[in-house]
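One structure is given here, and the rest of the page talks about it.
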Amino acid sequence: MEEFKELFQDRFESQDELLREYKSFLSVLEQLDQTTVPELSSSQKAKIFKRSWQGRPQESSWILTWLYFFRKPAVAFALGIAIGCIFMSVVTSDRLDLVETASADQLLTVENTRYAQTYKGKIIDEFYPEFENPKIVLEKGEDSAQPQRALYGTLDNGEIYVVWNL
Amino acid sequence: MNRQYPVSDEALIKAIKKGDRNAAAWLYNRHVDRVHRICYRIVLDTSQVQDCVQEVWLKVFRNIDRFQCNKSFAAWLNTVTANTAIDYYRKWIRHDNHVGSDEIRTVVTDANPGERKLDGAFIQKRIREALENISVNQRTAFILRYFEDLPIAEIAETLGCSEGAVRTHIRRSLLALRTKLAGKLIL
């Protein structure tokens, strides 16, 4: 009765009307009380259980453990932060510098063109420490002529350009 | 609820998570009748109920790892059952092009219903027809409250709606049922 009042409190104006309606609902509820649900037989229950149990995931336990581990919000959040930090550090780092450093560390590089061979690198730098960016250019002439060797470089932060025939 | 059983649901679930089939069977036997009852009253078709019950238990065993043991298994199972049965009913209605509506309908009843002899089978049939004529959400709210005696708050949680919405569902269900069963035009 209390629940009925709560459900229909704004629907009926007087208490008498409410009571009258409640009685009419009682007959409905009495009819509902007579409803029965046919039970499942033991064999039906067994069949449903067998199929349901067989239908569960069969992954190995370590995969489930890992999935369960990463399903925790705190772990997922921390993992997201860590991945984000790694990604940002990769994106914002000066990759060109790294490339240049790597190439500067090369001992000797040789560039070949049709008429010249250019030698530069750490060995040449150490060999001619007084020059800036030194490089040795071997100019090929006619087949019979002797190749000309020259050292190219700069001095005073690029103020003076030096060509030295070797 | 678990106090009446020597082994709690939670203990069984822990064993099931480790793959214990006997624990699963035990838990299943403990709750299968309630699941069947709810499915039967939501789906309203004997030929479909077994499949619906199986779908519920498939979901239970597939997702048992997600269940947190600090919560009530019965409440979780009610949620899985109700939502699975609602989805099943809607799919089945669409697939089968079932005659009927998911909306509330005003039903014109017999002129003199009292003249009919209301035997058990006839009442069952009328109740089924009456339940068919209310939306599946309304029916579920009503079934969980009236037949399963769940509190309004738990039904709201199960259906993912407010307590006010559940009360409205139940009120409309009662009105629709009375229209059908008592022979009055209310809606």
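The values are calculated or read from the model by the stated rules, or taken from the named source; none is laboratory data. This structure is a prediction, so every number in the text was calculated from the model and none was measured. Here Cβ is always computed from backbone atoms with ideal geometry, including for glycine, and neighbour counts include all displayed protein chains. Quick note on the areas: whole protein, heavy atoms, side chains included, nothing else; ligands and nucleic acids left out. Shrake-Rupley method; radii C 1.70, N 1.55, O 1.52, S 1.80 Å.
Would you pull out the residues with amide H under 5 Å of residue A:148's amide H, same chain only if 5 or more places away, H placed 1.01 Å from N?
Hits under the 5 Å cutoff: A:139, A:141.
Once the piece of chain linking residue A:22 and residue A:126 is laid out straight, how much longer is it, given 0.36 nm per residue of separation minus the C-alpha distance between them? Kindly include the intermediate steps, with their values, before the conclusion.
Numbers: separation 104, 0.36 × 104 = 37.44 nm, distance 10.55 nm.
Here the segment from residue A:22 to residue A:126 would lengthen by 26.9 nm.
Set the Förster radius R0 to 30 Å, insert the Cβ-Cβ distance between residue B:7 and residue A:36 as r into 1/(1 + (r/R0)^6), and round the FRET efficiency to 0.05. Kindly include the intermediate steps, with their values, before the conclusion.
Details: r = 30 Å, r/R0 = 1.00.
E(calc), rounded to 0.05, equals 0.50.
Cα gyration tensor of the range A:104-165, axes a ≥ b ≥ c as square roots of the eigenvalues: rounded (a/c below 1.5), prolate (a/b > b/c) or oblate? Write down the numbers at each step before the final one.
Numbers: a/c = 2.59, a/b = 1.53, b/c = 1.70.
Verdict is oblate for the range A:104-165.
Grab the Cα-Cα distance for residue A:67 and residue A:81, subtract it from 0.36 nm times how many residues apart they are, and report the gain in nm with one decimal.
Details: separation 14, 0.36 × 14 = 5.04 nm, distance 1.85 nm.
Working it through step by step, the gained length comes to 3.2 nm.
Around residue B:150, which amide H atoms from residues at least 5 apart in sequence, or from another chain, sit under 5 Å from its own amide H, with H modelled in the peptide plane?
Hits under the 5 Å cutoff: B:145.
Once R0 is set to 41 Å, what does the formula 1/(1 + (r/R0)^6) return for the Cβ-Cβ distance between residue B:122 and residue B:157, expressed as a FRET efficiency to the nearest 0.05?
Numbers: r = 36 Å, r/R0 = 0.89.
Taking R0 as 41 Å, the efficiency between residue B:122 and residue B:157 is 0.65.
Past 23 Å, Cα to Cα: identify those pairs from A:47/B:59; A:45/B:180; B:125/B:180; B:14/B:71; A:50/A:72, in the order given.
Details: A:47/B:59 16 Å; A:45/B:180 34 Å; B:125/B:180 11 Å; B:14/B:71 13 Å; A:50/A:72 31 Å.
A:45/B:180; A:50/A:72, as the Cα separations exceed 23 Å there.
Chains B and A: what accessible area do they bury, summed, in square angstrom to the nearest 100, with a 1.4 Å probe? Let's see the in-between values first.
Values: alone 10920 and 14570 Å², together 21610 Å².
Adding both sides of the contact gives about 3900 Å².
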